[in-house]
Amino acid sequence: MKRDNNTQDAQREYVADDNGFMGGEAYPNCDGEPCDNVAGDGQGAGQEPVKMAEELALWRDKYVRLQAEFDNYRKRTLKEKMELMLSAGEDVIKALLPVIDDMDRALEAMKTSKDVEAVKE
């Protein structure tokens, strides 16, 4: 993808004006002192590389556990949804059976009865 010159100039100005960077340089300017706030130099916020590796392992473990928990949640909700659909249909049919039986009996009674108007009521 080709960028226009205005975009590139704006990015250069942003980097040049950024605090801690010298114009056109890709490294922070810490005036000869160690830069504690720069990540990647092994001294980020006073932490040693071992502590950073332990913290990375901790966050990675938390991420994997969260991902597994979400996957279990997704599977559980799908299963509950399927069970709900099955049981809801079953409950409706169970509720309708007595009504259908009564209607069948009423139709049979209308066929055999001499007073059809009384059966209709």
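The values are calculated or read from the model by the stated rules, or taken from the named source; none is laboratory data. These numbers were taken from a predicted model, which means no experiment stands behind them. Here the Cβ is made from the backbone with ideal geometry for all residues, glycine too, and neighbour counts use every protein chain on show.
Applying a threshold of 9 Å to beta carbon distances and a minimum spacing of six or more residues, or different chains, the list of pairs starting in segment 102-118 at a residue that is free of Cβ contacts under 8 Å to residues at least 40 places away in the same chain and ending at one that is in a helix (DSSP H, G or I) and among the β-branched types (Val, Ile, Thr) reads 106/119; 109/119; 110/116; 110/119; 113/119. If I ask for residues that are at pLDDT 85 or above and over 49 Å from the mean Cα position of the chain (by Cα), which ones from segment 77-107 would you list? Residues satisfying the conditions are 102, 103, 104, 105. The single residue among 38, 64 that is at pLDDT 95 or above and among the β-branched types (Val, Ile, Thr) turns out to be 64.
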